[in-house]
Each structure stands twice: as structure tokens, then as C-alpha cells.
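The values are calculated or read from the model by the stated rules, or taken from the named source; none is laboratory data. The model shown is predicted, which means the values in this text are computed figures rather than measured ones. Cβ placement follows ideal geometry from the backbone for every residue including glycine, while neighbour counts extend to all protein chains displayed.
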Amino acid sequence: MNGCIVAFCCEHSAYPAADLAGRLRLHYPESLRVIRVPCAGRVDVIHILKAFENGASAVLVLGCEDGACHHITGNTRAKERVKYCNMLLKEVEVDGRPVAMFNLSPNTPHKFVRAVNEITKIIKESGR
Amino acid sequence: MIIAERKPMEEIKQAMAPYKKVLVAGCGTCVTVCWVGGEKEVEILASQLRLARSAEGNEIVTLEATVERQCEKEMVTELKDKVAEVEAVLSLACGAGVQTMAELFEDKPIFPAVNTTFIGMPEKEGLWVEMCGACGDCFLDRTGGICPIVRCAKGLLNGPCGGTRKGGKCEIDPEKDCAWVLIYRRLEKQGRLDLMREYNPPKNFRAVKRPGRIQAVKI
Amino acid sequence: MTTPFREILKRKDFVVTAEAAPVKGSSVSKTVEHITLLKDKVDGLNVTDNQSSVMRYPSLGICLLIKEHGGEPVLQVTCRDRNRLAIQADLLFAYSRGINNVVCLTGDSVDVGDHKEAKQVFDLDSVQLIHLVHTLNSGKDMAGNELDGGVDFCIGTTATPSADPLEPQLIKVEKKLKAGVSFIQTQAVYEFDELKRFTEFVRNIDEKVKILAGIVPVISAKMAAYMNDNVPGIFIPQHLIDELAQAPKGTGIAKGIEIAARMIRQVKEEEVCDGVHIMFIGREERVPEILEAAGLL
């Protein structure tokens with residue numbers, strides 16, 4: 001998993017968007033590892049930390065747009081967890097391991113690629 | 001229940017610095033409920049430690065375990081094999097739990113990962129407030145069920161101090177209510193204000209002979 | 001002022017006390033100057049006990065100085081720093097050295113002072129402290145043991161007439177009165193309606209207790225705002241803040257003295273209560289100006 005970007009993708013939005021991006025042959029970094037989850041709210045703090053322990057260079061949590069979560073508050077809770085996770089990482093001074101949350105719809109493959117590119121940029125800027 | 005707060009990461013990291021293999025031990029009772037020392041917090045703290053140490057190029061191996069109550073020897077005994085494997089234990093239990101662990105495993109250094117702060121209750125999700133000072137001489141019947149020993153910043157027994165802020169807030173913190181104003185309102189509502197007019201003599205602060213020790217009758 | 005304070009309270013129509021705040025350090029020369037200046041102009045000199053939880057020269061020490069210089073000291077005792085053993089011991093010492101007046105108060109929390117990490121005591125509260133002094137006066141200590149040589153303190157206490165809500169505060173005052181006090185020195189008051197209401201309440205319970213209104217001169221609008229925000233139990237009304245704000249630059253102290261004197265006159269003329277307790281902390285040397293402007297010299 002060394003150096004890869006782990007993207008936890010909600011099966012109602014980000015996962016179909018990723019799928020569509022592939023079918024449209026949109027370009028995104030090959031180090032991306034997509035993990036399908038039933039909801040962004042399923043992603044726990046420990047999943048993110050374990051991804052880093054296993055060598056990930058960044059973690060993306062991708063969920064539905066605000067107000068469109070199939071589990072009502074899964075995406076908002078995911079956002080809180082991402083924030084908390086950043087605090088935990090800062091606490092142990094493990095810098096340059098970005099965790100970010102993005103919201104998107106299933107029919108927005110370009111937005112999916114943009115999210116991946118954005119986190120890639122952050123990794124590059126942090127020099128890892 | 002007993003409320004605790006996690007120690008600063010820096011302090012924990014420093015305590016763990018000499019060790020290569022440790023047991024991170026949680027407790028399934030009070031500290032689980034106050035989000036500080038349960039199974040979840042154990043795995044997060046262990047992961048944080050591993051990340052921190054691996055970033056320093058000085059890997060640490062962590063075992064993780066959470067027992068139902070770390071303040072009971074029978075339950076802590078379950079950890080015997082794991083403790084035998086490690087150089088030190090990082091306990092997320094309250095002070096009673098840490099000491100039970102230390103007493104059972106006398107040859108191992110036990111480190112507290114949390115600061116035990118008070119006996120309290122959740123006011124709302126994620127917010128705990130102090131309720132009881134374990135004074136051993138309960139007189140809540142005289143104060144409308146509100147304890148001035150811990151809920152008044154000065155533990156006064158006969159009414160508010162002169163420092164009450166406008167609106168009945170505490171002298172030291174405008175976020176906190178003056179316990180004696182709360183007591184007044186409660187007793188007024190109950191039509192029992194006469195209780196507040198009665199003199200409460202100096203408290204017997206030796207009601208519990210420290211260190212406390214109580215032998216219950218077996219039935 | 002060689003007459004015992006107890007006698008003054010009985011005899012005099014209008015009692016005036018002032019406050020001598022101890023210094024931070026061992027140099028008491030300035031305090032001695034203040035004592036010499038004020039001892040014959042007021043009926044009693046109060047000495048604060050680690051006021052605002054800021055560590056200073058002890059109240060007992062300054063009281064001894066007052067006694068040595070021929071003044072009438074009033075020892076303030078708070079419950080914050082001493083347990084029942086220490087308080088009783090201090091009181092025995094005080095009485096043996098001619099300090100016969102004691103004001104019993106709770107004391108501010110250590111959180112507002114300069115030693116915020118200290119363990120605060122509050123073994124007793126102010127009502128219990130009043131009872132304690134009575135117990136000592138009866139020749140026994142709190143544990144019921146006979147004293148070899150008793151004490152006879154004149155006991156006072158404090159109150160906050162402007163507390164909000166007032167009722168819980170008044171219940172405490174009632175307890176203090178029932179415990180038995182000869183005088184009450186109030187927290188700084190700026191509104192006479194509050195003071196009158198308070199006096200009336202006290203009179204209904206105890207006709208004989210003397211009430212001395214707390215007078216703290218405010219010398220600028222900024223200071224008033226600061227006090228409102230930071231000093232527990234003090235509420236300065238807007239009209240006084242406005243009056244101070246309108247005073248020309250450099251005349252703040254004079255204005256503060258003028259307002260204080262005006263208030264004292266009013267207390268006296270309207271017989272709102274039995275006297276005043278002036279606290280001009282850090283500017284003790286200017287207390288005579290207030291007394292003069294109020295027609296008390």
C-alpha cells in the first residue's frame with residue numbers, strides 16, 4: 001500500500017462516480033486504491049489511521065452531497081470524523097498525511113477526478 | 001460514573017519512549033461511557049503511538065485489550081498472558097483501574113494514559129459535569145438534590161458567596177451556574193425554602209477515614 | 001480612635017471605617033504611614049486577608065501594626081486559606097495581642113488570584129465561622145475543649161446588597177444574623193434603592209446590628225467597566241459610568257472622590273444605614289480627602 005492514496009467511496013455516490021470515470025477513460029493517478037463502503041458514515045477513525053499505518057500517503061473519504069445521504073447523516077458524521085482524525089494525526093506530529101472529505105453525486109465523474117487530483121497536489125506540496 | 005480525560009499525547013509518548021512492546025489496556029465501564037478509555041479509544045491510541053514511533057523510525061509493538069472493569073482483580077487477571085509478553089502497560093482506566101493492574105502485575109511498570117477527574121454525569125452528549133465529591137456524609141436531602149460540596153466552587157454549606165454573577169452564575173466561571181442559586185430555585189419550587197434557612201454546621205470531613213475502606217455484610 | 005470598636009458601634013450615630021490593604025512584600029513603611037494618617041480620622045481600620053486571593057502580608061501582621069500605632073484594628077478572616085485549627089489558633093493569637101474585632105467572610109476563590117494552582121481550603125463557610133467565633137467567645141474551642149484564657153471578639157460580617165438574584169443572598173444574610181453579628185460591612189454599593197431594600201430586610205430580623213455601606217471610589221469609566229466584569233459582586237450603574245466618562249482628563253481621581261463623598265453624605269443625611277466602610281485600595285492616603293468632602297472631619 002506504500003505511497004498510495006486510499007479512497008473510501010460511498011456505494012451510492014462516489015463509487016458509481018469512480019466507475020463512470022473509468023468507463024469514460026478519465027485520467028487519475030494510478031496509485032489510487034478505491035475501497036467501496038456502504039456509506040461514508042461507515043468509515044471509522046481507526047480505518048483511516050490503519051491506512052496510514054499501512055503506508056498510505058493520503059486518505060480520501062468520499063460521500064454523498066449534503067442532504068443526499070441514504071443514511072441521512074452518514075456524510076455529516078464522516079466529515080466530523082475526518083476533522084477529528086486530522087487532530088489525532090497532528091497530535092502525534094505525523095505531518096503531511098492528509099485526510100480529506102469530499103461530497104459528490106453518482107453522475108459526477110469529473111468531480112471525483114478533481115478530488116483525487118486535489119489530494120495528490122497536497123501530497124506533492126508537502127514533499128512526500 | 002467516573003469521568004476522566006486523556007493525558008496530552010506528548011506526555012504519553014515520553015512515558016512510552018523506553019519501550020518497544022507495550023499493552024494498551026482499556027476499561028469497559030465508566031471510561032468507556034465518557035469516551036476516554038474503552039475499546040475504541042484503545043485502538044486509536046495504539047494506532048497513534050505506532051504512527052508516531054514509526055515516523056521516528058523507532059517502531060513500537062502494541063497489544064490491545066479491554067476488560068469489563070479494570071478495578072476488579074478477577075477481570076484484570078484475564079490479561080495475564082498479554083502482560084507477560086510486554087515491557088510495560090499503558091492503562092486507560094481510572095486511577096482505581098491503574099492501581100488494580102499495578103497490584104496484580106507488580107513486576108511491570110504501569111502507566112496511566114488518562115487523568116481521572118471527577119464523579120459526574122453526562123449533561124448532554126459528550127459533555128460531562130461533576131456531581132459528587134464522595135465526601136462520605138451525604139446531605140443532598142437538605143439541598144434539593146444538588147450537591148454544593150462540588151457544584152459550588154468553594155463547597156459552601158450555608159448559601160451563596162458574595163461573588164455570584166448577575167443571573168446566578170458562578171464567580172469563577174460565567175458558564176457555570178451558582179449551585180446555591182440552583183438549590184434556592186429547586187427548594188422554592190418544592191415549597192421547602194425553610195430548609196435553606198436552616199443552619200448547616202461544619203461538615204465532618206472525616207466521615208470517610210482516608211484511605212477509605214468499607215466492609216460490607218455478606219448476605 | 002482609642003475607644004473599642006464595640007463601644008463605638010453602640011454609641012456613635014455614624015460609624016466610619018476604612019480599609020488598609022496589606023502590601024506584597026515585607027516592607028510595611030508605607031502601610032505605617034497610612035495607619036498614622038488614618039487612625040484618628042476613622043473608627044476602625046479593616047485589614048484584608050489575602051484580598052482577591054492575591055498573596056500578601058498577613059492581615060494579622062498589619063492589625064498588630066495598627067495596634068502598636070494606637071489604632072483600632074478590624075481583622076478580616078476568610079475561609080479560603082486556613083482550616084478550623086488554623087483559624088482558631090490565629091484568633092487566639094489576635095485576641096492575646098489586643099485585636100478584638102473580627103470580620104468573618106467566605107473569601108474569593110483562588111481562581112481569581114495569583115496562586116491559581118493552590119489548594120483552597122473552605123473547611124468552614126462564613127456562617128460557620130461566625131458560629132466558631134461565638135464558640136471561642138464562650139470559652140471553648142470548636143471541639144468543646146475549655147480554653148485557658150478566653151476571648152471576647154466583636155463580630156462582623158459582609159454582604160452583597162446588589163446580588164442578582166438577591167433572595168439566596170438574603171437567606172445567607174439571615175443565617176449570619178441569626179448566628180449573631182454586631183456589624184455588617186457591605187460590598188461596594190452604588191445604588192441606594194438596593195441598599196435601602198437590604199437595610200430594611202436586615203432590620204426586620206435584627207434591629208441592633210450596625211450596617212456600614214461599602215464605598216469604593218471609582219476613578220474612571222474604564223475602571224468601572226473593569227470592575228463590573230472582574231470583581232465578584234460589584235455592579236456599577238451606567239449613570240455613574242457616564243458621569244466619570246464626562247470628567248475632564250486628569251480629574252478622574254477628584255471626580256471619584258467627589259462621587260464617593262456625595263454618596264456618603266446621602267447615606268448619612270437620609271439615614272440609609274449606620275455608617276460607611278471606605279475601601280480606596282492603593283490610594284489610602286487620599287481617604288482623608290473623601291472624609292473632608294463628606295463633612296466627616
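Points worth noting:
- In the set C:192, C:198, only one residue is more than 24 Å from residue C:53 (Cβ to Cβ) and modelled with pLDDT of 95 or more; that residue is C:198.
- Residues satisfying the stated conditions in region A:59-71, i.e. more than 14 Å from every other protein chain (Cβ to nearest Cβ) and crowded, with 21+ Cβ neighbours inside 10 Å: A:60, A:61, A:62, A:63, A:64, A:69
- Within region B:86-123, the residues that satisfy the criterion of being of a type outside the set (Val, Ile, Thr), crowded, with 18+ Cβ neighbours inside 10 Å and within 14 Å of the chain's Cα centre (by Cα) are B:91, B:92, B:93, B:94, B:97, B:112, B:113, B:120.
- Residue in region A:29-39 that is away from chain B (no Cβ under 13 Å), within 20 Å of residue A:120 (Cβ to Cβ), surrounded by 17 or more Cβ atoms within 10 Å (Cβ to Cβ) and touching a His at 6+ places or on another chain (Cβ under 9 Å) present: no
- Each residue in region C:98-125 was checked for being in contact (Cβ under 8 Å) with a residue 60 or more places away in the chain, surrounded by 24 or more Cβ atoms within 10 Å (Cβ to Cβ) and facing chain B (nearest Cβ under 10 Å), and 1 pass.
- Some residue of region B:145-160 being surrounded by fewer than 20 Cβ atoms within 10 Å (Cβ to Cβ) and facing another protein chain (nearest Cβ under 8 Å): no
- Of all the numbered requirements in (1) in contact (Cβ under 8 Å) with a residue 12 or more places away in the chain; (2) outside any helix (DSSP H, G or I); (3) more than 24 Å from residue B:31 (Cβ to Cβ), residue B:118 misses one, and that requirement is (3).
- Checked against (1) away from every other protein chain (no Cβ under 14 Å); (2) surrounded by 19 or more Cβ atoms within 10 Å (Cβ to Cβ), residue C:32 passes all but condition (2).
- Qualifying residue in region C:210-223 (condition: within 13 Å of another protein chain (Cβ to nearest Cβ), over 20 Å from residue C:276 (Cβ atoms) and surrounded by fewer than 21 Cβ atoms within 10 Å (Cβ to Cβ)): no
- Residue in region B:51-63 that is away from every other protein chain (no Cβ under 14 Å) and buried (at least 20 other Cβ atoms within 10 Å of the Cβ) present: no
- Residue C:187 vs. criteria touching a Ser or Thr at 6+ places or on another chain (Cβ under 9 Å), free of Cβ contacts under 8 Å to residues at least 12 places away in the same chain and either facing chain B (nearest Cβ under 10 Å) or buried (at least 22 other Cβ atoms within 10 Å of the Cβ) (or both): no
- Region C:287-297: number of residues that are buried (at least 16 other Cβ atoms within 10 Å of the Cβ) and modelled with pLDDT under 95: 1
- First in region B:16-41 and free of Cβ contacts under 8 Å to residues at least 60 places away in the same chain, second anywhere and crowded, with 22+ Cβ neighbours inside 10 Å and of a type in the set (A, V, I, L, M, F, W, C), Cβ under 7 Å, 6 or more apart: B:28/B:67; B:38/B:31; B:41/B:92
- Filtering B:167, B:163, B:126, B:95 for residues that are among the small types (Gly, Ala, Ser), without any contact (Cβ under 8 Å) to a residue 60 or more places away in the chain and more than 14 Å from chain C (Cβ to nearest Cβ) leaves a single hit, B:95.
- Top-ranked residue in region C:30-75 [being β-branched (Val, Ile, Thr) and outside any helix (DSSP H, G or I); ranked as farthest from residue C:156 (Cα to Cα)]: C:54
- Qualifying helices (runs of 4 or more DSSP H) (wholly inside region B:1-97; at least 3 residues being among the small types (Gly, Ala, Ser) and at negative phi): B:39-55
- Restricting region C:53-86 to residues that are crowded, with 20+ Cβ neighbours inside 10 Å and of a type in the set (Gly, Ala, Ser) leaves a set whose member that is nearest to the other protein chains (Cβ to nearest Cβ) is C:53.
- Scanning region B:169-197 for residues that are part of a loop (DSSP other than H, G, I, E, B), at negative phi and either outside the structural domain of residue B:159 (by TED's automatic domain parsing) or exposed (fewer than 12 other Cβ atoms within 10 Å of the Cβ) (or both) yields a single hit, B:190.
- Across region C:224-239, the number of residues qualifying as more than 19 Å from the chain's Cα centre (by Cα) and buried (at least 19 other Cβ atoms within 10 Å of the Cβ) comes to 1.
- Residues satisfying the stated conditions in region B:26-49, i.e. touching a Ser or Thr at 6+ places or on another chain (Cβ under 6 Å), crowded, with 23+ Cβ neighbours inside 10 Å and closer than 25 Å to residue B:121 by Cβ: B:26, B:42
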